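The values are calculated or read from the model by the stated rules, or taken from the named source; none is laboratory data. In this text, all values refer to a predicted model and were calculated from it rather than measured experimentally. Note: ideal-geometry Cβ built from the backbone for every residue, glycine included; neighbour counts use all protein chains shown.
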Amino acid sequence: MELSFGCRCGKLQGRLERVQPSRVNRVVCYCGFCQSYERYLQPQSPALDVNGGTELMQLSPADIHLMAGHDHLACLKLTEGGALRFYAKCCQTALMNTSQRSNLPFVSIPLSSIQGLDTDEKRQACLGPVRIRAFVPDTLKPALANGPKVHKGLGYLHLGRLLLSWFVQGAAKQSPLWQNGEPVCIPERVRVQRQN
Ligand SMILES: [Zn+2]
Ligand SMILES: [Zn+2]
């Protein structure tokens, strides 16, 4: 299946190809950096769920294509060795996170920037179930225990299999975020207050 993604104002647009539950990994991250990042970009309306989680899809860099608005792409990092966080500077929309290692074929896209995934039914059908909840704070564990069960071990196994197949396919070389071993935008180091 093909999905469109892009920024809130529509200047930066891209396409995600071959999306299906067996080819992507669906994650909710509750880490303080993801929360700080979203609140830094969108202080008025951060794209966080009721528990402060950021819902992400991890997919092969080879399946991401930027179609328009390349010059609006910007990049920041919150720690020296932390993730590179690409966003649209025209309207401060979080778009893609990746590792600082250009040979790691791995990109996470916040579901808030993907069109057509506004209900959980659509997310289930396109991406499958949430397979990993990352950095869940102890205070949240009782509330999340009432929701759908997530088997973390199986989730990491799924992700490991995907990463291996992306390595074998040489997907890192097809990433739209790297060129000749350098990120396509110079990452700006941004210091924010950690949320937890
Ligand atoms: Zn925009
Ligand atoms: Zn996170």
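Could you identify the single residue in SER45, SER4 that is of a type outside the set (A, V, I, L, M, F, W, C), surrounded by fewer than 21 Cβ atoms within 10 Å (Cβ to Cβ), within 16 Å of ligand 1 (Cβ to nearest atom) and at pLDDT below 95?
Within the list SER45, SER4, the selection yields SER45.
Would you mention how many residues in region 13-60 are closer than 21 Å to PRO129 by Cβ and within 16 Å of ligand 2 (Cβ to nearest atom)?
Residues meeting the conditions: 19.
Give me a count of the residues in region 135-169 that are polar (S, T, N, Q) and closer than 28 Å to SER36 by Cβ.
2
Does THR98 fit the bill of being polar (S, T, N, Q), modelled with pLDDT of 95 or more and within 16 Å of ligand 1 (Cβ to nearest atom)?
So THR98 fails the test.
How about region 121-153: which of its residues are within 19 Å of SER108 (Cβ to Cβ) and hydrophobic (A, V, I, L, M, F, W, C)?
Selection gives CYS126, LEU127, VAL130, ILE132, ALA134, PHE135, VAL136, VAL150.
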